[in-house]
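Please read the structure below before turning to the comments.
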Amino acid sequence: MAIHRPQEMSLFDGSIIRPAVISAFAKLDPRDLVRNPVMFTTAVVAVLSTVLFIRDVAAGGEYTAVVGQIAAWLWFTVLFANFAEAVAEGRGKAQAESLRKTKTETSAKKVGGVDATAFREVPATSLRAGDLVVCELGDTIPGDGEVVAGIATIDESAITGESAPVIRESGGDRSAVTGGTRVVSDRIVVRITANPGESFLDRMIALVEGAKRQKTPNEIALTILLVGLTQVFLIVCATLPAFASYSGTVIPVVFLIALLVTLIPTTIGGLLSAIGIAGMDRLVRFNVISKSGRAVEAAGDIDVLLLDKTGTITLGARQAAEFIALPGVNERDLAEAALLSSLADETPEGKSIVALARKRFSFAESTLGAAATFIPFSAHTRMSGVNIETASGLVEIRKGATDSVTGYVAAKEGKTPGGVPKELVSAVERVAKAGGTPLVVARDNRLLGVIYLKDMVKPGIRERFATLRAMGIRTVMITGDNPLTAAAIAAEAGVDDFLAEATPENKLELIRKEQQGGRLVAMCGDGSNDAPALAQADVGVAMNTGTQAAREAGNMVDLESDPTKLIEIVMIGKQLLMSRGSLTTFSIANDIAKYFAIIPAMFMVSYPQLQALNVMGLASPQSAILSAIIFNALIIIALIPLALRGVKYKPASAEVLLRRNILVYGLGGIIVPFIGIKAIDLLVAALGLA
Amino acid sequence: MNAAGILQIVIFFAVVTAGAIPLGTYMARVYSGEKTWLDPVFKPIEHLIYKICLIKPDQEQHWTVYAFSCLVFSVIGLLLMYAVMRLQALLPLNPAEMSAVAPDLAFNTAVSFTTNTNWQNYGGESTMAYLTQMLGMTVKNFVSAATGMAVLVALVRGFARRQAKTVGNFYVDSVRSVLYVLLPLSIVVTLALVWQGMPQNLDAYVEATTLEGAKQVIAQGPVASQVAIKHLGTNGGGFFNANSAHPFENPTALTNLIEMAGQLLISAGLVFAFGRMIGDKRQARALYIAMAAMLAVGIGFAYWAEAGGNPQVQAMGVDIASTDTAPGGNMEGKEVRFGIANSAIFAASTTGTSCGAVNSMHDSFTPIGGMVPLVNIMLGEVIFGGVGAGLHGMIVFVIVAVFIAGLMVGRTPEYLGKKMEAKEVKLAVLCILIFPLSILGFGALAMVLPVGLSSIAAPGPHGLSEVLYAFTSATGNNGSAFGGLSGNTLFYNTTLAAAMLIGRFLIIVPTLAIAGSLAAKKIVPPSAGTFPTHGSLFIGLLIAVIVVIGGLTFFPVLALGPIVEHFSLAAGTLF
C-alpha cells in the first residue's frame, strides 16, 4: 500500500516565507488585528510611540533616538506576531492545496433525474447539494456526494495516495464519493451532498486560514485570560505616573509604553493563532480532515477510545498457528493434507497454512501437479480443498467450518450428518476459547484434525495501549465475536475492556453510558449503521471509504481509512493544548526579569537607591528599557518554530508531563530573559544605540 | 530572632491546625444539613427564625437568586446600621452621651462592617454608644461573617454537585453559620477572655487619678463579647481605638494567643470542611499547606525584619541585640507584653486573614516588616483570608492556576472533575481584576488630589505606603490600618467605602456565578491523565501563581513605597 502523506516541509521554506512577509504587513489592517486583543493593544501603543517620536523629532526631545528605536521595535513585535500567523497559514494552505491538487476546473454532467440520459455540462462550482450528476469512464467526480445508481471503480489516489482503484456502488456501505477522484470504469449517478465551499477540504482549508478561522473553545478561554492580564497591566501602567508624581518623578510616556508592552503577554498573544493553525496542519499531515477545531481540542481530552478489533487491534487476516491432530492421526499427515489443500489457495489464511506446514515439517517446495484440481471456497459449501489423481485412485482433501466438513465426511460414508466426534468438539472449543478460528481438515472420509487460525494481534499494539493507559485513556475493543473469543483477544492485546457481539445499538449505548459518567469518547467507523455512534461520540473519525452518512456524522474524516489513526489524533490534540499552556507559562514567567530591567531604570532619577534592583547590571536606564523591548520582540521570532512544531510530547502521565513542562517553560521562562536582556544590553551599549 | 520566638510560631500553627480539623468536620455536617450535637439547643431556634422570616428552608436557590438574596440582605443591614449610628443620641444605653455620628463617617462605618472589613475611621470609645456597639458592630460582626461563609458554601456545592441547577439557600446557610458556628464559638471564647480579665459590662466610664495626679478616663463596656467575634469572624473592628494593643482588649499573652488563633480558626476550618464536602480530603490538605506556607513565610519575614531592628538606631550606639531581659530589634509601636515574635505573628495573620485587628502598629515596623502585612493583603486575602471569603478567593486563584498549568498536560483544564472553560475563566479574571482596579485606581486618585494628599502624615515613600495600605486594606476587606493617615475626611470616608463595597460584592457576584456554572457541569472521573491538584507540585504552582499575579501587579508601587524606603534606610535616609 503506497500511502503518500504531504511531506513535512522545512520550517522556513522559501516559498512560504516570502508571501508570509507580505502577509505580515497586510495583517496590520485593524480589522484583522482586533481579533487578537493583545496584539491590538501593542499596535495601538506602537502608533502612539510613533507619534511621540515624530513630535520629538520636530520639537526636540531628551531621548529622541531611543524613542525612535522603541517605536520601531514595537512595530516589529506586531509584525513578528503577524508573521508567525502567516507562516502557519502558509504551511497549512500548502498542505491542504496538495490534497486537492486535482480539484481544479472540473466540469460536471448534470442530469435531471436518476434515469435520465441527457445531461448538461455545467462548471463544478455551480453545483448545489441535491443536484444529480452522471460520471463516466475518465470523468473527475465534481464534488462530494453519494452514488444513487450504478457501480464503478474509482481512482482515489488523488486524495488518499492509494494506487489501487476502489469500488463504489449505490446502496450499502460503499456509496460515498469524494470530489476530485476519477472514475476508471463504468458509469454512476451521483447525488451531490455539499455546496461549493462546504466540502470537507473547503472546511479544512478554512480551519488553517487565520482570518476566517473560528476560535476554538479553549482558545477563547485562554484569550480571555490574556485580555484579563493585559487589563491588569494597563491599570498598573496607567496609575503609575500618579504614584510617581507623588515622589516627584516624571515618567516619560514612552517608558510607560515600553513597560506596558513588555508586561502584557505578547509572546503567547503573538503565537496563539499560529499554534492553533499548526495543530490543524499537523492533522492534515496525517491525512486527517477535521471539520472543526473544536474536535481537535476535544481529542486531547479523550478518556475512552473505542477501537474496532479487525484492522485496528488485529491484522485483517488470520494466521495458522497450530495443527491439532485427532487421536490416532499423525500430526505430519494432518499438516501435509492441510498443505496440499492450501497450495493453490491465494488467501492470506491459505498462505499462512502453507508457511506453517513447511516450517514445522520441512516439506519440499512443491506445487500441485496437473493431476490436482483445486476446489475453491464457496459460500454455499463453506469449504475449500483439492482433488488429486493418484495411482491408488482419487484423493479428496477438504478444509472448512466444522459442521460443513463433518457433514461432508458423513455424506462420504453414506451416513446422515450428525454426531461429531468428541475429540473434535474439544479441539474446536479449545481454539475458540483462545480467540481463534478452527478449520477442520478431512481426507476422503477421515477427519484428520483442526487447523488453529489465530487472530494476529498487531505487533506493538500492546505497548501502545500501555502508553494510552499511562496517559489515562481507557481502550475498549469493539467486536462482533462471541464473548469467549473476544475476551481472549482482549487479554492478548492488552485492551482495558471489550464489547462483544457488538451491534450499532449497544455501541451507541456504551458511548452514552461513558458520557453520562462525564467521560469523553472517541471512536471510528465507516458503515451507515455507525453514523449514530459517530455523531454521539465526542470525536468521531469516519473512514474515507465509508458511507456518506458516516462521513457526515463524524467530525473528522481519515483519508487513509486507518482506524489506528485515532491514537495519533488524540496525541495531536494533546500537543496542541500543551503548546498553548507551555507558551502561556513562559510568557508570564518572562515578566519577572522585565520588571528588574525596567523598574530601576524608570525611577533612577528620583530614587537612585533603586539601582540595587538592577540585578542584571544593565548599562543605562535607556539601554535597559530598549533591551527589554528588543528581547520581547525577538522572543516571538525565536519561538515560531516551537509554535509550529508544537512542544515535544512524549506520552506520559499528567504528573510527569507537568513536572517536565513546569521545569522547562516555567523555570526556563524565569531564567531565559535575564540572560537574553543582559546579552542584548551588552550589544546595545557596545553599538552605542542608547 | 531567637529559639523562644520560633517556638511560639510553631505553637501557634499547632494550635490553629489542631482546632481547625475537628471544626472543619463539624462545619461540613452543619452545611450538609446533617445532625450535630448542638441540634437539641439550636434546632428549635433555627426553625423559629425560619418561621418568623418566612424562609422555606427546603427551597434551593439558583445562583442568581442566591446572589440577589445576599445583596438584599447586605443592603438592608447596611441601612439599618447607618440609621442606628445617626440616631444613637436618641437611643438608650448611651451612658457616655455620644452624639450622632457624622453622615460620611456613618456611611463609611456601615459599609465597613457590612463588608466584613471593619476599617475604623473612628475611635470606638470616643464615638460609639454601647447600643451602637452591640446592635451595629456586634450584630454586623456575626452576619457579615456568615455572609462570607454562605458564599463559600455555595461555591463548594458547585464543585460537589453534578448537573444541578441550584447551589443552596442563602438564608439557611447564613442562619446556620451564625447559630451553629459563630455563636457557640463566640460564647466559649468570650468566657475565656473574661476569665483572663477582659471587661464585660455596661457601666459608665471610670475616672481615675494617676500617680502624677492627672485625671484619666478609663473606658470600658461589653468588650469581651465583641472581641471574641471580632477575631472569630475575621472582622477586626476594635472596641477601643488601639484595638488589640489596648490592655483591656488584649490583656495577657494567653488572650493574645486566643485572638491570633481565633482569627484563623474558622477560615482554616472551612478548608477542611471543603475537603469533606467534596469528598476528597487530599485537596483540602493541599490548599491548607499552600495557605500555611505563605503565612509562615510572611511571619518569618516580618519577624526577621523586626528582630533585625533599625540600622540607624544601631548606628547611634543603641544595643538592639536580643537578650534574656531585652527583646532587642525594633520595638517601636509594639507592646512589651507581646514582644517581636508575637507582634510578627499577629501582623502577618491579621492581614493574611482579612481580620485587621492589630496588637502593634504596622506603621512603626521597618520598611520590609511593614511590607509583609501590605503584601499579604495585596495577594488577594487568600492566606486563609476572611471567613469564607478567603477560601473562595483562593479557589478563584486555583481556577487560574489550573487553567494556565493544566493546559501543559494536554487536556482541557479541570479542577475536582469540573472542566474550566471560557465562562469560569472569564469570571475568575473579573475577580482578579478587582484588586488592581480598586487599589491602584483609588490610590492614584489620592496621590494627585489635594484632598487625598492633605491627609498624609509622613513625607516621601512612607506616605505613599500609608495611602496604598489604606486602599489595599479596604479593597481586601481587611480593615487594619497602617496608621499615619487621617482617614476621617469626606474624601477618604467615601473612597474607602467604595473600595470596600467593590472588594466585597464585585467578587461575591462572579464567585456565585462560578458556583452556578460549576454546579451545572458533569464531574469527569479522575484518571492518570488528570492534572493532579493535591501534590507538592501543585501546591508550589498555586503559590507561584498567587505571588506572580500579585507581585506583577503591585511591584512598581511597592518599589516606590516600602522597597525604596528600605534601601534609603540602609543609606541613612529616613521618612
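Does B:Phe170 fit the bill of being closer than 22 Å to B:Gly386 by Cα, surrounded by fewer than 24 Cβ atoms within 10 Å (Cβ to Cβ) and in contact (Cβ under 8 Å) with a residue 12 or more places away in the chain? No; evaluated as a whole, the condition is false for this residue. The residues of the stretch A:458-475 that are β-branched (Val, Ile, Thr), closer than 18 Å to A:Gly311 by Cα and within 14 Å of chain B (Cβ to nearest Cβ) amount to a single one, A:Thr475. Among the residues of the stretch A:636-684, the ones that are among the aliphatic types (A, V, I, L, M) and either crowded, with 17+ Cβ neighbours inside 10 Å or outside any helix (DSSP H, G or I) (or both) come to 17 in all.
Within the stretch B:195-236, the set of residues being aliphatic (A, V, I, L, M), surrounded by 18 or more Cβ atoms within 10 Å (Cβ to Cβ) and not in a loop (DSSP other than H, G, I, E, B) comprises B:Val223, B:Ala224, B:Val227, B:Ala228, B:Ile229, B:Leu232.
Report yes if A:Leu272 is surrounded by 24 or more Cβ atoms within 10 Å (Cβ to Cβ), within 13 Å of another protein chain (Cβ to nearest Cβ) and in contact with a Phe, Trp or Tyr (Cβ under 6 Å, 6 or more places away or on another chain), otherwise no. Here the answer is no, as A:Leu272 does not meet what is asked. In the stretch A:658-672, the residues that are more than 10 Å from every other protein chain (Cβ to nearest Cβ) and within 19 Å of B:Val547 (Cβ to Cβ) reach residues that are modelled with pLDDT under 95 and surrounded by fewer than 23 Cβ atoms within 10 Å (Cβ to Cβ) with C-beta atoms within less than 7 angstrom, at least six apart or across chains, in these pairs: A:Gly669/A:Ala589. Scanning the stretch A:609-624 for residues that are more than 9 Å from chain B (Cβ to nearest Cβ) and not small (Gly, Ala, Ser) returns A:Asn614, A:Val615, A:Met616, A:Leu618, A:Pro621, A:Gln622. The criterion of at least 2 residues that are under 20 Å from the mean Cα position of the chain (by Cα) and more than 14 Å from chain B (Cβ to nearest Cβ) is met, among strands (runs of 3 or more DSSP E) falling completely within the stretch A:492-577, by A:521-525, A:539-543, A:556-558. Out of curiosity, is A:Gly472 at positive phi and surrounded by fewer than 15 Cβ atoms within 10 Å (Cβ to Cβ)? So A:Gly472 does not fit the description; no.
Can you find a residue that is more than 14 Å from every other protein chain (Cβ to nearest Cβ), over 30 Å from A:Pro621 (Cα atoms) and crowded, with 24+ Cβ neighbours inside 10 Å anywhere in the stretch A:256-268? Checked the stretch A:256-268: no residue is more than 14 Å from every other protein chain (Cβ to nearest Cβ), over 30 Å from A:Pro621 (Cα atoms) and crowded, with 24+ Cβ neighbours inside 10 Å.
Can you tell me which residues in the stretch A:293-332 are surrounded by 19 or more Cβ atoms within 10 Å (Cβ to Cβ), small (Gly, Ala, Ser) and at pLDDT below 85? Listed by number, the list holds a single entry, A:Gly293. Can B:Ala457 be described as over 21 Å from A:Glu297 (Cβ atoms) and either crowded, with 24+ Cβ neighbours inside 10 Å or touching a helix residue (DSSP H, G or I) at 6+ places or on another chain (Cβ under 6 Å) (or both)? Spelling it out, it is not the case that B:Ala457 is over 21 Å from A:Glu297 (Cβ atoms) and either crowded, with 24+ Cβ neighbours inside 10 Å or touching a helix residue (DSSP H, G or I) at 6+ places or on another chain (Cβ under 6 Å) (or both). Condition check for A:Ile636 on (1) farther than 21 Å from A:Leu260 by Cα; (2) at pLDDT 90 or above; (3) touching a Gly at 6+ places or on another chain (Cβ under 7 Å): one failure, at (1).
Looking only at residues in the stretch A:348-362 that are more than 14 Å from A:Phe323 (Cα to Cα) and within 35 Å of the chain's Cα centre (by Cα), the one that is surrounded by the fewest Cβ atoms within 10 Å (Cβ to Cβ) is A:Pro348. The residue that is modelled with the lowest pLDDT, counting only those in the stretch A:507-526 that are surrounded by 17 or more Cβ atoms within 10 Å (Cβ to Cβ) and of a type in the set (Asp, Glu), is A:Asp526.
Looking across the stretch B:514-533, the residues that are more than 8 Å from chain A (Cβ to nearest Cβ) and within 20 Å of B:Ala428 (Cβ to Cβ) come down to B:Ile514, B:Ala515, B:Gly516, B:Ser517, B:Leu518, B:Ala519, B:Ala520, B:Lys521, B:Thr533. Within the bounds of the stretch B:300-316, is there any residue that is of a type in the set (Asp, Glu) and at pLDDT 90 or above? Checked the stretch B:300-316: at least one residue is of a type in the set (Asp, Glu) and at pLDDT 90 or above.
Within the stretch B:499-545, the residues that satisfy the criterion of being modelled with pLDDT under 95 and among the aromatic types (Phe, Trp, Tyr) are B:Phe531, B:Phe538.
Taking the listed residues B:Phe554, B:Phe531, B:Phe538, the one that is in contact (Cβ under 8 Å) with a residue 24 or more places away in the chain and touching a strand residue (DSSP E or B) at 6+ places or on another chain (Cβ under 9 Å) is B:Phe531, with no other qualifying. When the stretch A:69-113 is limited to residues that are at pLDDT 85 or above and acidic (Asp, Glu), the one that is surrounded by the most Cβ atoms within 10 Å (Cβ to Cβ) turns out to be A:Glu85.
Residue-wise test of (1) more than 8 Å from chain A (Cβ to nearest Cβ); (2) more than 22 Å from B:Phe397 (Cα to Cα); (3) surrounded by fewer than 24 Cβ atoms within 10 Å (Cβ to Cβ).
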residue	(1), (2), (3)
B:Ser536	yes, no, yes
B:Val547	yes, no, yes
B:Gly550	yes, no, yes
B:Thr553	no, no, no
B:His566	yes, yes, yes
B:Leu569	yes, yes, yes
B:Leu574	yes, yes, yes
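When A:Ala490, A:Ala432 are checked against the criterion of being touching a Pro at 6+ places or on another chain (Cβ under 8 Å) and either touching a residue at least 60 places away in the same chain (Cβ under 8 Å) or surrounded by 14 or more Cβ atoms within 10 Å (Cβ to Cβ) (or both), A:Ala432 stands alone in meeting it. Please specify each residue of the stretch A:32-61 satisfying the condition of being surrounded by 14 or more Cβ atoms within 10 Å (Cβ to Cβ) and not hydrophobic (A, V, I, L, M, F, W, C). Correct list: A:Asp32, A:Arg35, A:Asn36, A:Pro37, A:Thr41, A:Thr42, A:Ser49, A:Thr50, A:Asp56, A:Gly61. Where helices (runs of 4 or more DSSP H) sit wholly within the stretch B:393-510, those with at least 3 residues that are facing chain A (nearest Cβ under 9 Å) occupy B:422-435, B:441-448, B:460-475. With the structure loaded, tell me whether A:Ala295 is in contact with a strand residue (DSSP E or B) (Cβ under 8 Å, 6 or more places away or on another chain) and either within 14 Å of chain B (Cβ to nearest Cβ) or closer than 20 Å to A:Thr475 by Cβ (or both) or whether it fails that test. So A:Ala295 fits the description; yes. If the condition is being in contact (Cβ under 8 Å) with a residue 24 or more places away in the chain and either among the aromatic types (Phe, Trp, Tyr) or in contact with a Ser or Thr (Cβ under 7 Å, 6 or more places away or on another chain) (or both), then the stretch A:112-142 contributes A:Ala124, A:Ala129, A:Leu137, A:Thr140, A:Ile141, A:Pro142.
The values are calculated or read from the model by the stated rules, or taken from the named source; none is laboratory data. What you are looking at is a predicted structure, and each value in this text was computed from that prediction instead of being measured. Note that we place each Cβ from the backbone using ideal geometry, even for glycine, and neighbour counts take in every protein chain shown.
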